[in-house]
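The values are calculated or read from the model by the stated rules, or taken from the named source; none is laboratory data. Since this is a predicted model, take the numbers as computed values, not measurements. As a convention, Cβ positions derive from the backbone with ideal geometry for all residues, glycine included, and neighbour counts pool all protein chains shown. Areas reflect the complete protein model, heavy atoms only, side chains present, ligands, DNA and RNA absent. Shrake-Rupley method; radii C 1.70, N 1.55, O 1.52, S 1.80 Å.
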Amino acid sequence: MTLSILYRGPLSSCNYSCNYCPFAKRKDSRETLERDAAQLARFVTFVQEQADIQFKILFTPWGEALIRKYYQEAMVTLSLLPNVERVAIQTNLSCKLGWLKKADKTKLALWTTYHPGETSRTAFLEQCRQLDAMEVSYSVGVVGFKEAITEIEHLRAALPPERYLWINAQKKLANYYTAEETATLLSIDPYVVNNMIHYDSYGKACKTGHTVISLDGDGNMFRCHFIKEKIGNIYEQHFREALFPRTCTNATCGCHIGYVHMDDLKLYALYQGRELERIILK
Ligand code: SF4
Ligand code: SF4
């Protein structure tokens, strides 16, 4: 049995200050960080103990977790477990990277996001070069604000051609992009159209709740990050009974970490096993 888990603990803080983000420069109390670390350690033990499950894990923190040593250590430990197929994390890539040398780099991956204004393109690319030198798998992404398009073009030009660069399209406003801007985004990320719409998902088959779940730090299981109905708890004995095929109960789904699991979209074929870390191999 294979189970993909999107894990989000209580941490909600970041060292960057993106002006659109509720976690910008937010700090966690020492108590919250201690609770986050303890819950993460419990989760790692849980994964170790479920030897008959092959896990794919994506950490989706509210903020930046990879600047915390305990996340780095958890990533290394999980990557070395025989029953972990993949462990990945969403990160702004601001942390030091030497710890990655201890991980099984065939199984660890990073979902990195470049935030123009928070770091320089040069500094971000230097981090990417270090990842390349260590043969760490990673995707690179950018939020597709209009005013960032020129910078995204520069980033694309500077990255190795084989490195997929995804763009999170802005879709709150209808017709946000001009035809010319859309064409530019498509020339950078040929799959950006997948991210330009809110999919009608109600009643549609979605792997979440069956082979993909979302977890909070207490082990509470949800089918995805967008449907807040608890379906079980991994620290209870019969948690596997909560895993069965379901259809979506939300009207729409518009985030990669959600819609990528919708059966109709057939996106697993595009990502070839790298859907959690959002890597498309060229
Ligand atoms: S790096 Fe991410 S979490 Fe941090 S402020 Fe920017 S958008 Fe928010
Ligand atoms: S389609 Fe999206 S919102 Fe609906 S169950 Fe799947 S991930 Fe959740």
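The Cα center of the range 196-216 and the Cα center of the range 239-257 differ in position by 4 Å.
If amide hydrogens are placed 1.01 Å from N in the peptide plane, which non-local residues have theirs closer than 5 Å to the one on L80? The list, which skips near neighbours in sequence, is D104.
Provide the percentage of antiparallel DSSP beta bridges, counting only those with both residues in the range 2-271; round to the nearest 5. List each step's numbers first, then the result.
Working: 11 of 46 bridges.
Of all bridge pairs located within the range 2-271, approximately 25 percent are antiparallel.
Protein heavy-atom surface of the chain, 1.4 angstrom probe: 53% of the accessible area is carbon and sulfur, with nucleic acids and ligands not counted. Solvent-accessible surface of the range 2-271, averaged per residue with a 1.4 angstrom probe and all protein chains in place: 46 square angstrom. In the range 2-271, Cα pairs under 8 Å separated by at least six residues give a relative contact order of 16 percent. D by Stokes-Einstein for the range 93-250, Kirkwood Rh over Cα pairs, 4 °C, 1.567 mPa s: 70 µm²/s.
Of the GluC sites (Glu not before Pro) found in the range 236-282, those in coil by DSSP whose Cβ has at most 15 other Cβ atoms within 10 Å are E236.
What percentage of all Cα-Cα pairs in the chain are separated by more than 34 Å? Write out the running numbers ahead of the final one.
Numbers: 6453 of 39621 pairs.
Percent of Cα pairs beyond 34 Å in the chain: 16.
Would you kindly calculate the translational diffusion coefficient of the range 123-211, applying Stokes-Einstein with the Kirkwood radius from alpha carbon pairs, for 4 °C and a viscosity of 1.567 mPa s, and quote it in µm² s⁻¹ without decimals? Mind dumping the intermediate values first?
Details: Rh = 15.0 Å.
The estimated diffusion coefficient comes to 87 µm²/s.
Helical runs assigned H by DSSP (4 residues or longer) give the chain a calculated mean residue ellipticity at 222 nm of -7500 deg cm²/dmol, each run adding -39500 (n - 2.57) before division by the residue total. The Rg/Rh ratio of the range 1-98, with both radii computed over alpha carbons and Rh defined as the Kirkwood radius, is 0.99.
The local environment of E153, defined by Cβ-Cβ distances under 13 Å, has a net charge of -2 under the rule Lys, Arg +1 and Asp, Glu -1.
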